[in-house]
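Undergrad: Got a structure for you, written out below as structure tokens; questions coming shortly.
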Amino acid sequence: MGIRFRKSIKLGDLVKINISKTGLSATVGKKGASINLGSKGTYLNLSPTAVGVKGTGVSYRQKITGGYSNLIGAIANKKSEQKNEKEIKEVDTSVIDKYNEELETNTHLYKYTDNVSSKEELLKRINEFESESSKEIYSLAQEGDEETIESLISAFLNNLELNFEVKANYELEENILYVDLDLPEIENFKDEYPVLRNNEVVYKKKTSNELRKEYGDTVMSLGIYLSSNFFNISGYINEIVLSAFTTKRNSDGDLKDVYIYSVKFIRDTFENTDLKKLDNAYDFVLKFENRINTTNYSFKEIKPYSNNKEIAKNTALDDAVAGLKELGYKAGDIAKILPKLEELGLSDSGEILRNGLKMLNND
């Protein structure tokens, strides 16, 4: 005959701990209605009185769950899930959101401006200005007053807020606005980006192709963005010749301004384009007459379009140099004074020739 061992410990009026050879169990409740938690499961116990059949000796016992080991495991798993969920929620991904927002803004900058209005639409807006002085300035701009248009462009550029620094020189010649755009250098672009990995924000290095594509999309997008705003300053502007340059090191290691694209933007095409629906800045730029030399967003140096004044200066300079050669001056000596002649900015070949003679004779 085996030896049975059983001991009960009461914890208050409602809880009793039972100790036996098979392990621990607990009974919660009072006589007649209680819940028993043990290794074999959790049971609901009801006496004959509790089930409404007093005097019959009939009682009720129903298994509710598995053993307490299963229950403890379930509770532990639940707590583990809650802990993991809490940890995931506590990861600060704001740096990722900020980076993605900045990237979207830079590469699709043209989507953050108004579409180009027609000349007629711009003229109708004169009545939207409250002060008479504003109406006068706006009217002068639409009539093609060069000084007013250039001052409005200057005001726009001075108030421009972008994620990178932009500089531009501009000159209005009849209905054509010539813009020299000083681009940011690719070296100033971030070469890594944040990602979420194993519930942690880490930084991943960009490939050279990824970095070049981001740079190319950004500088193309910038050109479209600026041109659309310039067109909306004055309906007088029919064309914008935008030439963009950046600073690169030459084979000798010296810094040099290098033009990487030059485009002749036409107003009519802009007016008929919904900029917010454009997906690719590069494809849009290629619709216009352009000078771009690139493979996989690796830009090569190009010669930009020149305005008529620059063409006249260059032609006059070439004629003056030819005249000096005819007078017997050596090409090497002329090459030494050529930078000084260019700095004069003269468009009359006779004046350039006279200044060249003075420089050569003084030397």
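The values are calculated or read from the model by the stated rules, or taken from the named source; none is laboratory data. Because the structure is a prediction, the values reported are computed rather than measured. Note: ideal-geometry Cβ built from the backbone for every residue, glycine included; neighbour counts use all protein chains shown. Ligands, DNA and RNA are stripped out before the accessible areas are found, and what is left, the full protein with its side chains, is counted by its heavy atoms. Shrake-Rupley method; radii C 1.70, N 1.55, O 1.52, S 1.80 Å.
Undergrad: Taking segment 251-266 on its own, how many of its residues are under 25 Å from Y236 (Cα atoms) and open to solvent by less than 10 Å² (accessible area, probe 1.4 Å)?
TA: 4
Undergrad: Would you be able to say whether some residue in segment 186-193 is among the hydroxyl-bearing types (S, T, Y), under 21 Å from the mean Cα position of the chain (by Cα) and open to solvent by less than 80 Å² (accessible area, probe 1.4 Å)?
TA: Yes: one or more hits.
Undergrad: Return the only residue of A335, A320 being touching a residue at least 24 places away in the same chain (Cβ under 8 Å) and more than 30 Å from Y110 (Cα to Cα).
TA: A320
Undergrad: What's the number of the only condition in (1) more than 33 Å from the chain's Cα centre (by Cα); (2) under 30 Å from K213 (Cβ atoms) that F270 fails to meet?
TA: (1)
Undergrad: Another one. I'd like the full set of residues that are over 17 Å from N296 (Cβ atoms) and outside any helix (DSSP H, G or I), limited to segment 207-240.
TA: Listed by number, the residues that qualify are S234, G235, Y236, I237, N238, E239, I240.
Undergrad: Of the conditions (1) touching a strand residue (DSSP E or B) at 6+ places or on another chain (Cβ under 7 Å); (2) in a loop (DSSP other than H, G, I, E, B); (3) not charged (D, E, K, R), G328 clears all except one; give me its number.
TA: Of the numbered conditions (1) touching a strand residue (DSSP E or B) at 6+ places or on another chain (Cβ under 7 Å); (2) in a loop (DSSP other than H, G, I, E, B); (3) not charged (D, E, K, R), the odd one out for G328 is (1).
Undergrad: Could you look through segment 267-299, keep only residues that are under 12 Å from S227 (Cβ atoms) and among the hydrophobic types (A, V, I, L, M, F, W, C), and pick out the one that is surrounded by the fewest Cβ atoms within 10 Å (Cβ to Cβ)?
TA: Going through the qualifying residues, I end up with F288.
Undergrad: Something else now. Where in segment 94-206 are there strands (runs of 3 or more DSSP E), lying wholly inside it, with at least 1 residues that are within 17 Å of I240 (Cα to Cα) and among the hydroxyl-bearing types (S, T, Y)?
TA: Here the list reads 167-173, 176-182.
Undergrad: If we scan segment 320-330, do we find a residue that is open to solvent by 80 Å² or more (accessible area, probe 1.4 Å) and not basic (K, R)?
TA: yes
Undergrad: When the residues of segment 261-319 are filtered to those that are within 30 Å of R354 (Cβ to Cβ) and charged (D, E, K, R), which remaining residue is modelled with the highest pLDDT?
TA: K303
Undergrad: Could you tell me which residue of segment 164-176 is nearest to E104 (Cα to Cα), considering only residues that are open to solvent by 40 Å² or more (accessible area, probe 1.4 Å) and at pLDDT below 90?
TA: Only one residue tops the list, namely E165.
Undergrad: Considering only residues that are open to solvent by 90 Å² or more (accessible area, probe 1.4 Å) and out of contact with any Ser or Thr (no Cβ under 9 Å at 6 or more places or on another chain), which ones fall in segment 98-120? Don't jump to the end; show me each part of the working.
TA: Going through segment 98-120, the residues open to solvent by 90 Å² or more (accessible area, probe 1.4 Å) turn out to be 98, 101, 112, 114, 120.
Answer for segment 98-120, where residues must be open to solvent by 90 Å² or more (accessible area, probe 1.4 Å) and out of contact with any Ser or Thr (no Cβ under 9 Å at 6 or more places or on another chain): K98, E101, E120.
Undergrad: Tell me whether segment 147-155 contains one or more residues that are surrounded by 15 or more Cβ atoms within 10 Å (Cβ to Cβ), of a type in the set (D, E, K, R) and either out of contact with any Ser or Thr (no Cβ under 7 Å at 6 or more places or on another chain) or free of Cβ contacts under 8 Å to residues at least 12 places away in the same chain (or both).
TA: For segment 147-155, residues surrounded by 15 or more Cβ atoms within 10 Å (Cβ to Cβ), of a type in the set (D, E, K, R) and either out of contact with any Ser or Thr (no Cβ under 7 Å at 6 or more places or on another chain) or free of Cβ contacts under 8 Å to residues at least 12 places away in the same chain (or both): present.
Undergrad: How many residues, within segment 287-305, are more than 22 Å from the chain's Cα centre (by Cα) and not in a strand (DSSP E or B)?
TA: Summing the residues that are more than 22 Å from the chain's Cα centre (by Cα) and not in a strand (DSSP E or B) in segment 287-305 gives 9.
Undergrad: Please determine, by comparing only the residues of segment 121-146 that are open to solvent by less than 50 Å² (accessible area, probe 1.4 Å) and within 12 Å of Y236 (Cα to Cα), which one is nearest to the chain's Cα centre (by Cα).
TA: L122
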